[in-house]
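Notes to accompany the following structure.
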Amino acid sequence: MRTTIQGAEISAPICIAPTGFHRLAWPDGEMSTARAAQAASICYITSTYASCSLEDIVAAAPRGLRWFQLYVHPNRQINKQMIQKVESLGFKALVITVDVPKVGNRRNDITNQVDLMKKLLLKDLGSPEMGNVMPYFQMSPIDPSICWEDLSWFQSMTRLPIILKGILTKEDAELAVKHNVHGIIVSNHGGRQLDEVPASIDALTEVVAAVKGKVEVYLDGGIRTGNDVLKALALGAKCVFVGRPILWGLAYKGEHGVKEVLDILKNEFHTSMTLTGCRSVAEINQDLIQFSRL
């Protein structure tokens, strides 16, 4: 089941997507998630909205493979400082979320009067210690004006590979390649941004076809079984990233709950590979497309 992403080896093509506020699920929050990812030898994408400091997350799992997900802040200096910080802490890629020029109409949050920024982050999760480059109260704005031309600015300040998260069309995939990104995460933001947007798996084929093998393509959203992993890889994804199930495992039993979720998915994926005659991840390719459409 071993494979590589951006040149780094992982034990299986099943990694952890960026989600925020893990301390709402478990006291140690992202530190527990990072430890589970390190133990499983997979990649964990840490969210801009992590409820633990990046230093604590790195200290909890110093040997783990970490990428950092960035919501672009309107203040360029804050973006620059954050990117320099994650690079210095050993994060191996910068994942820029591009599908949130503004937060979608989340009716459940409105009904329940949930505002994580104002009601939870400062009051219940604590404020950062003095000296952090990005105070928590500055994290909520997201730059709605970010465009393709801005990528050259990000590329000028870091040697990290840049991956775009939130691509759903071949046109955007072609533009991503044109602007020299290193990877694409096909994602509809867990279906939480725009109602009735296509499922990630339905958009995957045209994105893979558009990039013509020039960059790695990943997928997040809707992965619940090992068969889902196999289908995504058969349609051209290099790896999948799992979101909600990780939080369910974290809420259940912290680090050990996350490990159980990953073990379930790995075992199911191994079974699916065996039953379809795939001896390695490299053999899961276009030959399995017909199966993936079942």
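I'd like the residue in the stretch 39-51 that is within 16 Å of Glu87 (Cβ to Cβ) and either of a type in the set (S, T, N, Q) or over 14 Å from the mean Cα position of the chain (by Cα) (or both) and, out of all such residues, is surrounded by the fewest Cβ atoms within 10 Å (Cβ to Cβ). Selected residue: Thr48.
Can you name every residue in the stretch 218-228 that is touching a Leu at 6+ places or on another chain (Cβ under 9 Å), in contact (Cβ under 8 Å) with a residue 40 or more places away in the chain and of a type outside the set (Gly, Ala, Ser)? The answer is Ile223, Thr225. Open to solvent by 30 Å² or more (accessible area, probe 1.4 Å), under 21 Å from Val181 (Cα atoms) and out of contact with any helix residue (DSSP H, G or I) (no Cβ under 6 Å at 6 or more places or on another chain), is that true of Ala199? No. Ala36 - would you say it is among the hydrophobic types (A, V, I, L, M, F, W, C) and either crowded, with 23+ Cβ neighbours inside 10 Å or modelled with pLDDT under 95 (or both)? Answer is yes for this residue. Could you look through the stretch 1-33, keep only residues that are surrounded by fewer than 24 Cβ atoms within 10 Å (Cβ to Cβ) and among the small types (Gly, Ala, Ser), and pick out the one that is nearest to the chain's Cα centre (by Cα)? Among those that are surrounded by fewer than 24 Cβ atoms within 10 Å (Cβ to Cβ) and among the small types (Gly, Ala, Ser), it is Gly20.
Checking the stated criteria, Tyr218 turns out not to satisfy the condition of being open to solvent by less than 40 Å² (accessible area, probe 1.4 Å) and modelled with pLDDT under 90. You will find that of Leu65, Leu54, Leu70, the residue that is crowded, with 17+ Cβ neighbours inside 10 Å and within 29 Å of Val197 (Cα to Cα) is Leu70 and no other. Comparison of Ser41, Ser11, Ser51 shows that the only residue that is of a type in the set (S, T, N, Q), more than 19 Å from Asn188 (Cβ to Cβ) and at pLDDT below 95 is Ser51. Between Leu275, Leu262, Leu204, the distinction of being more than 22 Å from Glu9 (Cβ to Cβ) and open to solvent by less than 20 Å² (accessible area, probe 1.4 Å) belongs to Leu204 only.
The values are calculated or read from the model by the stated rules, or taken from the named source; none is laboratory data. All of these numbers come straight from a predicted model, not from anything done at the bench. A quick note on method: Cβ atoms are made from the backbone with ideal geometry, for glycine too, and the neighbour counts reach across all protein chains shown. Calculation scope for accessible area: heavy atoms of the full protein, side chains included, ligands and nucleic acids excluded. Shrake-Rupley method; radii C 1.70, N 1.55, O 1.52, S 1.80 Å.
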